[in-house]
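In what follows, a structure is listed as structure tokens, so that the remarks can point back to it.
The values are calculated or read from the model by the stated rules, or taken from the named source; none is laboratory data. These numbers were taken from a predicted model, which means no experiment stands behind them. Note: ideal-geometry Cβ built from the backbone for every residue, glycine included; neighbour counts use all protein chains shown.
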Amino acid sequence: MAAVVVVVAGGIASVMVYASPEDSERVGQQSTPSPAQAERRVVTPQTLVGREKSFDRGHRQFDELLIVGMKQRLPKLTGVVSGHYGSREKANLVAVGAAAGTVDSPAVKLDEMFTLAFKVTGIQPVDPGPLGGVAKCGVAESNGISVVVCGWAHPGSLGLVYFYDRTSATSAELVDIRNEVEQAA
């Protein structure tokens, strides 16, 4: 399992994108941002869609690597979180990495996340849910373990969810997880 965590950690850490320092506000725009423009924050809940947080040593190392990688690649972040939830024994293990900050061209950045990780195939658009933006899911393999990789990108956030030992995931699963990790500020 430690080898899988290291391989996946490298993949996730490498998929994070650079935030642009450009200010997206213009003179004359509305002063109250719409939900699509609202500033975002990310949190690490104690449970995630019914899954208990994992405190496994290998998972914690992975989570720390992910946070460091995201901070290095996104210098204008307002928040970064990562965590593992569930267990392989219960066949519900997921890893989540999310960042809040400025994300220019969210659709392009989401595509970059999939191309910079390990080989993800069968990438399809999925419903991003009420928080908006764009979302996609595909399948990868790491050390013989099938992993569904889903991601979202929004002008105020980006994130990845890795579903271990899976060959498919529904957009509802991604939306449920995202709704517990990302919040409008």
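Report yes if Arg178 is surrounded by 18 or more Cβ atoms within 10 Å (Cβ to Cβ) and assigned to a loop (DSSP other than H, G, I, E, B), otherwise no.
Working: surrounded by 18 or more Cβ atoms within 10 Å (Cβ to Cβ): yes; assigned to a loop (DSSP other than H, G, I, E, B): no.
In short, no.
Answer yes or no as to whether Thr121 is of a type in the set (Ser, Thr, Tyr), over 19 Å from Phe163 (Cβ atoms) and touching a Gly at 6+ places or on another chain (Cβ under 7 Å).
Taking the combined requirement at face value, the residue does not satisfy it.
Got a sec? Which of Ser142, Ser146, Ser157 is modelled with pLDDT under 90 and hydroxyl-bearing (Ser, Thr, Tyr)? Please lay out each step first, then the result.
Values: Ser146 fails: modelled with pLDDT under 90; Ser157 fails: modelled with pLDDT under 90.
Exactly one residue qualifies, and that residue is Ser142.
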